[in-house]
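Take a look at the structure set out below.
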C-alpha cells in the first residue's frame, strides 16, 4: 500500500511540478516565476557618505528581497496545495479500488459457499488488502 501511495504521489508530483509554479529538481525546490534572488549590497564603511549610500542601497534591496520572498511563498503554497489535492485524489482512487475488490471478494466467497455447502469454509486470502482489513 505504501508503495502504491508513494508511486501515486510521485506521479502527482511530477505532473504538478511540470505544470505548476515551482521547479523540483534533484530533491530541491525553487520558485520559477520570481526571477533570481536579489543580491545583498555591499556595505561601504570607507566614509560617512559611502556608508549613507550603502544604507540607501540596503533599503532598496530590502524592498526587492521582500517582493522576491512574497512571490516565492506564493509559489510554494500553490505547489503545496496542488500536491495535496493530487495526492488526496489519488488516494481516493486507491481506496475506491480496494473497496470494490473487497466487495467482489465478499460476493464471490458468498457465491462459492452457496454452491458448495458441504465443503469446508473458505479461508480469507493471505494478508489483507491495502487500505482495509480485507473482506
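The values are calculated or read from the model by the stated rules, or taken from the named source; none is laboratory data. Note that the structure is a prediction, hence the values are computed from the model and not measured. Positions of Cβ are backbone-derived with ideal geometry, glycine not excepted, and every protein chain shown enters the neighbour counts.
Some points to look at:
- Residue within the stretch 49-70 that is farther than 30 Å from residue 21 by Cα and either outside any helix (DSSP H, G or I) or at pLDDT below 95 (or both) present: no
- Sole exception among (1) touching a helix residue (DSSP H, G or I) at 6+ places or on another chain (Cβ under 8 Å); (2) assigned to a helix (DSSP H, G or I) for residue 80, by number: (1)
- Every pair of residues 6+ apart whose Cβ atoms lie under 6 Å, when the first sits in the stretch 107-119 and is on the phi > 0 side of the Ramachandran plot and at pLDDT 85 or above while the second is part of a helix (DSSP H, G or I) and exposed (fewer than 10 other Cβ atoms within 10 Å of the Cβ): none
- Number of residues in the stretch 26-41 that are surrounded by 10 or more Cβ atoms within 10 Å (Cβ to Cβ) and part of a loop (DSSP other than H, G, I, E, B): the value is 9.
- Candidate set from the stretch 1-42 (those that are at pLDDT below 55 and touching a strand residue (DSSP E or B) at 6+ places or on another chain (Cβ under 8 Å)); member that is nearest to residue 79 (Cα to Cα): 17
- Qualifying residue in the stretch 78-100 (condition: under 22 Å from residue 21 (Cβ atoms) and touching a strand residue (DSSP E or B) at 6+ places or on another chain (Cβ under 8 Å)): yes
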